[in-house]
Amino acid sequence: MISILIPVYNYNALPLVLELHKQCSECNLEYEIICQDDASNVFLAENSEINSLDNCYFSSNETNLGRGKNINKMSRKSKYSWQLILDCDTFPQSTDFIKNYLLEVQKSNNPIIFGGILYEQNKPKKDHLLRWIYGHKRESLSVEKRKKKPNSRALSSNLLLKKKLFSQYPFDENITQYGYEDLCFMTTLEANNIKVTHIENPVFHLNLETSNLFLNKTKTALENLVYIVNFKKIDLKDSKIITVYSLLKKLKLIHFTAYFFNLFEDKITAQLISDKPSLLLFDLYKLGHFCRLQTKH
């Protein structure tokens, strides 16, 4: 009945798989857990132990495909009508995590369901604060807040959907680097009048990057956003960055914004990796770097 798809990269997914295997077995349902490493080079021995569990499979890609393409590949391998996409660095809050999703499927006819994301309450070390604060403020939202903008506030790190739906609307395989594959995917669903259902069935996001790494990954993600925008994959309303960028473009202020960002990037970065990072400055950081990227196109 359910295929659980876990894209893996530089992370030990075994603890997550053990918990899911236990919960699926207790629910007495047909299931498979497919884990696919995207050509990383650590934790391969630990993850290979997944193959010793019933209905659980671990394999590695020979070359790096990118998260979206990796999930698409797992989806094509899968055999059940429902698919649960989970990031490898998540862990269910509830021991009834699988059961909760099954109950939702039984009582409704919704083709796509998001259970939510949580972050630990304990404050991490200073050099991990930016990712933790961002997660708490921008990702760890109540069901009520998520329902107000159902597609733009859903993430594919804890997403249950019908295989038929995902086969029709897979991830954009031109996005091969980290970032914004969810935005593109959710926007496509919304454009086709498919609305995400939100329930309270969260997973904890466990693996916090350092603030420096998070900023570097953000820059990579913004390169994807340039592609998404320039090829008109989303509308202006789908991203605050794009909305503001479009206004700056009308006012002929793109080069000025990029110049301003070049002048103050080091100072902004210093604040973002400090013990009191500002999300407003982080938004300005993303806008400034996006404008800089666009001046090169």
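Reducing the range 85-130 and the range 264-297 to their Cα centroids gives an inter-centroid distance of 29 Å.
Taking every DSSP bridge with both residues inside the chain, close to 35 percent are antiparallel. Temperature 20 °C, viscosity 1.002 mPa s: under these conditions the Stokes-Einstein estimate for the range 158-297, based on its Kirkwood radius over C-alpha pairs, is 127 µm² per second. For residue 199, the solvent-accessible surface with a 1.4 Å probe is about 20 Å², rounded to the nearest 10.
Pairs spanning more than 28 Å between alpha-carbon atoms, out of 232/252; 99/233; 126/249; 149/249: 99/233; 126/249.
Taking only the C-alpha atoms, wrap a convex hull around the range 1-104 and report its volume per residue in Å³ as a whole number. Spell out each step's value before the answer.
Numbers: hull volume 9.4 nm³, N = 104.
Spread over its residues, the Cα hull of the range 1-104 gives 91 Å³ apiece.
Nearest 10 degrees is fine. How inclined is helix 97-107 to the longest principal axis of the chain, computing both from alpha carbons? Helix 97-107 sits at roughly 80 degrees to that axis. Only protein heavy atoms count here; under a 1.4 Å probe, residue 11 has an accessible surface of about 50 Å².
Given that compact globular proteins tend to follow 2.2 N^0.38 Å, what is the ratio of the alpha-carbon Rg of the chain to that value? Write down the numbers at each step before the final one.
Details: Rg = 19.5 Å, N = 297, 2.2 N^0.38 = 19.1 Å.
Scaled against compact globular proteins, the figure is 1.02.
Taking all Cα-Cα distances within the range 50-120, those exceeding 21 Å account for 41%.
With r defined as the distance between the Cβ atoms of residue 293 and residue 137 and R0 fixed at 22 Å, what FRET efficiency is calculated, to the nearest 0.05?
Numbers: r = 25 Å, r/R0 = 1.13.
The formula returns an efficiency of 0.35 here.
At 0.36 nm per residue, and after removing the present C-alpha to C-alpha distance, how many nm does the segment from residue 193 to residue 122 gain when stretched out fully? Could the numbers behind the result be given before it?
Details: separation 71, 0.36 × 71 = 25.56 nm, distance 3.92 nm.
Here the segment from residue 193 to residue 122 would lengthen by 21.6 nm.
Can you list which of the trypsin sites (Lys or Arg not before Pro) found in the range 1-106 are DSSP loop residues with at most 15 other C-beta atoms within 10 Å? In loop regions of the range 1-106 (DSSP not H, G, I, E or B), the sparsely surrounded trypsin sites (Lys or Arg not before Pro) are 79. Ranking 14, 288, 225 by how far each Cα lies toward the positive end of the dipole of the chain (charges on Cβ) leaves 288 at the top.
A 1.4 Å probe, protein heavy atoms only, puts the accessible area of residue 123 near 140 Å².
So if I place +1 on the C-beta of Lys and Arg and -1 on the C-beta of Asp and Glu, and nothing else carries charge, what would the dipole magnitude of the range 39-117 be about its Cα centre? I want it in debye, nearest 20. Walk me through the intermediate numbers first.
Values: 8 positive and 8 negative charges, 93 e Å.
That gives the range 39-117 a dipole magnitude of about 440 debye.
When only the Cβ of Lys, Arg, Asp and Glu is charged (+1, +1, -1, -1), the dipole of the chain relative to its Cα centre reaches about 1500 debye.
Near the amide H of residue 112, within less than 5 Å, lie the amide hydrogens of 197, all on another chain or at least 5 residues away, with H placed in the peptide plane. Label positions at residue 207 and residue 51, each projected 7 Å from the Cα along the C-beta direction, are separated by 2.1 nm. Rounded to the nearest 10 degrees, the angle from helix 240-250 to the longest Cα principal axis of the chain is 30 degrees.
A Förster radius of 25 Å combined with the Cβ-Cβ distance from residue 165 to residue 30 puts the calculated FRET efficiency at roughly 0.80.
Charging the Cβ of each Asp and Glu at -1 and of each Lys and Arg at +1, and nothing else, the dipole of the range 79-162 about its Cα centre rounds to 360 debye.
When all protein chains stay in place and ligands, DNA and RNA are ignored, the 1.4 Å accessible-area order of 186, 1, largest first, is 1, 186. The listed residues 196, 244, once ranked by accessible area (1.4 Å probe) with the largest placed first, stand as 244, 196.
Simple spin-label estimate for residue 106 and residue 94 gives 1.3 nm between the two label positions (7 Å along the Cα-to-Cβ direction from each Cα). Expressed as a whole percentage, what fraction of the accessible surface of the chain belongs to carbon and sulfur atoms when a 1.4 Å probe is rolled over the protein heavy atoms? After summing per-atom areas, the C and S share lands at 52 percent.
Would you mind classifying the range 99-141 by shape? Square roots of the alpha carbon gyration tensor eigenvalues, ordered a ≥ b ≥ c; an a/c under 1.5 is rounded, otherwise it is prolate if a/b is larger than b/c and oblate if not.
Numbers: a/c = 5.47, a/b = 3.14, b/c = 1.74.
Because a/c hits 1.5 or more and a/b exceeds b/c, the range 99-141 counts as prolate.
Dividing the Cα radius of gyration of the range 89-206 by its Kirkwood radius returns 0.97 for Rg/Rh.
The values are calculated or read from the model by the stated rules, or taken from the named source; none is laboratory data. Predicted, not measured: the structure shown is a model, and the values here were computed from it. Quick reminder, even Gly has a Cβ in these numbers, built from the backbone with ideal geometry, and neighbours come from all protein chains shown. Heads up: the accessible areas ignore ligands, DNA and RNA and are worked out on the full protein's heavy atoms, side chains in. Shrake-Rupley method; radii C 1.70, N 1.55, O 1.52, S 1.80 Å.
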